[in-house]
Every structure is written in C-alpha cells, then in structure tokens.
1. From the list 163, 173, pick out the single residue that is farther than 21 Å from residue 97 by Cβ and open to solvent by less than 60 Å² (accessible area, probe 1.4 Å).
2. Please identify the pairs in which a residue from the stretch 349-361 that is within 9 Å of residue 255 (Cβ to Cβ) has its Cβ atom under 6 Å from the Cβ atom of a residue that is buried (at least 24 other Cβ atoms within 10 Å of the Cβ) and modelled with pLDDT of 95 or more, counting only partners at least 6 apart or on another chain.
3. Report yes if residue 453 is surrounded by fewer than 19 Cβ atoms within 10 Å (Cβ to Cβ), hydrophobic (A, V, I, L, M, F, W, C) and at pLDDT 95 or above, otherwise no.
4. Please enumerate the residues belonging to the stretch 81-140 that are at pLDDT 95 or above, open to solvent by 10 Å² or more (accessible area, probe 1.4 Å) and at positive phi.
5. Before we move on, is residue 49 outside any strand (DSSP E or B) and free of Cβ contacts under 8 Å to residues at least 40 places away in the same chain?
6. Pick out the one residue from 309, 367 that is part of a loop (DSSP other than H, G, I, E, B), under 12 Å from residue 32 (Cα atoms) and in contact (Cβ under 8 Å) with a residue 40 or more places away in the chain.
7. Any chance you could count how many residues in the stretch 16-48 are over 17 Å from residue 356 (Cα atoms), open to solvent by 50 Å² or more (accessible area, probe 1.4 Å) and not hydrophobic (A, V, I, L, M, F, W, C)?
8. Filter the stretch 141-160 down to residues that are at pLDDT below 95 and among the small types (Gly, Ala, Ser) and give me whichever is most open to solvent (accessible area, probe 1.4 Å).
Amino acid sequence: MKRLLILLCLLSSFAAAAPRPNIIVILADDMGFSDLGCYGGEIQTPNLDKLAAEGMRFSQFYNCALCGPSRAALMTGLHPHQVGMTQWTGLLTNNCVTMFEVLKRADYTTCAVGRLDMLTAEDWHDPQNLSHHVDRYFGTTGHQGPGNYFANTRNTAFYRDGKPYTIPDGGYKTDLITDFTIEFLQQRDKTKPFLLYMAHYAPHWPLHAKAADIAKYRELYRKLGWDAAREQRLKRLVESGILPAGTKLSPREARAAAWSEAEHLDWEAERMAVFAAQIDCLDQSVGRVMEAVRGTNTLVFFLSDNGASDKAVGQLDKPGQTWRADGKRTRVGNKPDIMPGPGDTFVTAGPAWANVSNSPFRQHKQSNHEGGISAPLIAWWPGVVPAGKISPEVSHITDITATVFDVAGQNYPTAFDNRVVTPLAGKSLLPVIKGGTRAGHESLCWATSGSKAVRMGDWKLVAASKGKWELYDMSTDRTELHDLASEQPERVATMAKVFEAWHQR
C-alpha cells in the first residue's frame, strides 16, 4: 500500500509538472464555410487540408456573424453584447478580460499579428495598452475600414511592436504578418510556452492578391461558374461526412442570374479567382507557420470570424485626400471596367460568389442564418487530438477562449485589476478535441445587425432583420429550407423566450 501511495504521488507530481502547450489561434476574415479544400472547396489549401487530416474538423461550429462581435467573443469568452460589441467595431466594456491579459500574467509569451481588434479590455486603439499584455505584435488597430493589402491607408494605423509601420513597395499583408510570425517563433524564449494569435486580413475585401496566385484560378472559375461550384461543394461535403446524406442545396442567391445567363463572365471569374488567391496565400502562410512548430507541444485552432460578405463599398477617395496614404487614387466599384487584384482597385466578390463561399447554406455575413454564422473549425494537437475525426459537436467561438484557459491551466478570473469580470459564457472543448464528449450548451443565441437566432439541441429559431421567426430541424434541414414555425407554435414560443432572456441579460 505504501509503495502504491508513493507511485500515485509521483504520477500526480508528473501530471502537475506536465508542460503547458503553446497555443496558436489562426483567424480567417470573411471566409465561408466551404472555401477550404477540407471543407468541400475547390481552392488549393494543401496545408490546411493536412492540418485537418492530422487533427479534427468540426461540422457545427458557430461564430457571431460579424467581425467585431466575433473577435470580442473570441478574446473574452463572452457573448458580444455582454461586452458592448453590437456593431462591426467598437471598444470592449470594463467587465471582461482577454486571453492575452490572463496568459501574459501566467508567464506565457504573447504575440499577435494582423487585425489586432479587441486584444485587451483597455483601449486597443492605443499601442501602449497592447504593449502591457502582448510581448510582440505587428498589424493594425482600431481602424475605420478593411485596409489595403499592398499599401497603408489614412484611417488604418499599422504598428510593429508599438512603432508606426509603413508597408514597403512590393509588400503584401499576408506575407508580411507571416514573416513577422516566423521571426517571433525563431527568436522567442524556448523555455516558456507562447500564445500566438494570427488574425489574417484574408480573404476580406478589397480583392487584392498577387498575380501568380490569381493565375492559378482564372481559367477554373471561367469554366466552373457559381452554379456548378455550389453543387460540387455540397457533393464533396456530403462525401467527406461533414454534412449528412440528403442535405439539399439552398436556392441560388436571388440577386444572381444563372451562370449560363450571366454577363461579363471574364470579370466575374476574375473576382472569384482573386478571392481564391487570397485564401491560397493564407494557406501558404499556415504552411510556413506549421513548419516552424512541428515537433513542439502546440495546440492550433483555425477558424473564420463570419461567413463571406455579399456587400459592396462606396467611393473612398475624398476631395483633396486619397484613401491611400501614399496619395495614389483608388478605382472603386463592382463594375466590369475595374479588374480586381491590384492595389489601386477596390472590388468585392459580391452576392453570387459569397453564395458559393457559404455553400450550401443560405445568406451571408451579418445574417444569423447558417451562411452567416457557420464556420470551419480545425483543431490540431499531435498526441492529443485524434487524427482525421469529424466532430458534430454544436460549439461556439466563445468555446475557443474557454479551451485556451483550460489547456493553459488558468481559471477564468472573477476580477482583473480594477474590473469585476462577467462569468465565462464559453465551455471548454478540451474533452471533445481529446476524442470524448462534454456537457454542451443548453442554448446558443445570436443578435447581429437586426438578425436573431437561438439554437437548442437540433432545433434552430431564426429571423432575418425585421423578419418573422422561422423554425428548422437542424438534424434533417441544415440548409434551412423547410420552415416549421407554423406547425410548432409552442416550440417557437418557448425558444423565443430563451432568446429574449439571453438578449436582456
């Protein structure tokens, strides 16, 4: 018995001393559910496909439908309206704490690159505040627009470790933030674990990409078109087991003609070719980062902040002042005389191609239908995450935060400095990514740009902005084609009460 007790104590001591993992969170911007090859897409993403094959994919993972809300939820583990984030940008309220703030004090080395929105509960527009909690950072803070991939813009402050930064001639944001990341990984203190947040700009508009990457896709999309692309993506999603057999394709975007009847096909194909090139370059970035961390004790998450966007933008240059900081004018508009790709253009993918990115679901970014809130999620952690598994766990972006705290051995604080912190909304995915199960959410709710939704078990209640409630059985109708609200008014009433209680909390 004495020997057994000694052995148990030794095992307990060993477990307690087990090294904490490095943590990498890679966030794509405005990328749809099926854009990656491992999620049914035709875009070449071999590095992310390998990450998925060696790790776990989630088939029912949700974000918050809009950049600011999703990023606030990811950083704090709270629902966005709990921390004052109801629009696309803003400042966090004083009742939260971010993963950077907590892990920095837990002796993690911290690094953030790309879109540095909501990294702290202090004023994240101010690089000095970021410097309190992030050891190394490179990217943009508190901007008023999506920026330019090739040049600085007047309303987008870019910093490298607290000092203003100007994109050099020939520079491309995706490559620049990856270069900085590799530098951090090579120079970091190898005796300490690290938290790395890669908040990619890609594939958010404007449609800017390098010529060689665009050339890979020009002919493909000219021949394929958006109708065949959607059909083929659904087929591959079902064949891979991400979506169940019998899943039906949602109707084509109402603002899009059939590809066989559409006009300006070379220009239309170019729009999707550039969008694909942005994701291709993002995948190359992931490959470089993974090469640098293979063989280390590292947990990696890859996800997207919302569905693809159907929006266009208005004029950017103003009388006497250009949008670009270097004084060059920008040609803006979704019209065939402006070919996307170069840094002097601002073109967006538009509703038809966004419909492809979000295949097979309905709607887009800002909607709480599946096209707006469904995202790919890949978890990779060799020796912990079982390879090649697809999890149907209904999960939420706040769960990433809870998992980060869990694997880092940190309790979510009730107070931080002079703040009283709202209890964590997310639930750790650690049991799931280990191949087991967890007690999931009784309900998940959304409220984005007038849209609203609640998910309870297999049931989802959803309404478009100024629209009425619709009810869907997610077990048989993930693409939200058969509204059962009129057949089940009691379920609608019950779920609507859950939403109202959540929204008023």
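The values are calculated or read from the model by the stated rules, or taken from the named source; none is laboratory data. Predicted model, so just to flag it, every value in this text is computed and none were measured. Because the Cβ atoms are built from the backbone with ideal geometry, glycine has one as well, and the counts that use them run over all protein chains shown. Remember, those area values only see protein heavy atoms, side chains included, never the ligands or the DNA or RNA. Shrake-Rupley method; radii C 1.70, N 1.55, O 1.52, S 1.80 Å.
1. Working: 163 fails: open to solvent by less than 60 Å² (accessible area, probe 1.4 Å).
Going through 163, 173 in turn, just one is farther than 21 Å from residue 97 by Cβ and open to solvent by less than 60 Å² (accessible area, probe 1.4 Å): 173.
2. Between residues of the stretch 349-361 that are within 9 Å of residue 255 (Cβ to Cβ) and residues that are buried (at least 24 other Cβ atoms within 10 Å of the Cβ) and modelled with pLDDT of 95 or more, the close pairs are 351/310; 352/226.
3. Details: surrounded by fewer than 19 Cβ atoms within 10 Å (Cβ to Cβ): no; hydrophobic (A, V, I, L, M, F, W, C): yes; at pLDDT 95 or above: yes.
No, not satisfied.
4. Correct list: 107 only.
5. On the way: outside any strand (DSSP E or B): yes; free of Cβ contacts under 8 Å to residues at least 40 places away in the same chain: yes.
Spelling it out, residue 49 is indeed outside any strand (DSSP E or B) and free of Cβ contacts under 8 Å to residues at least 40 places away in the same chain.
6. Working: 367 fails: under 12 Å from residue 32 (Cα atoms).
Sole residue among the options that is part of a loop (DSSP other than H, G, I, E, B), under 12 Å from residue 32 (Cα atoms) and in contact (Cβ under 8 Å) with a residue 40 or more places away in the chain: 309.
7. 4
8. Residue satisfying both the conditions and the ranking: 157.
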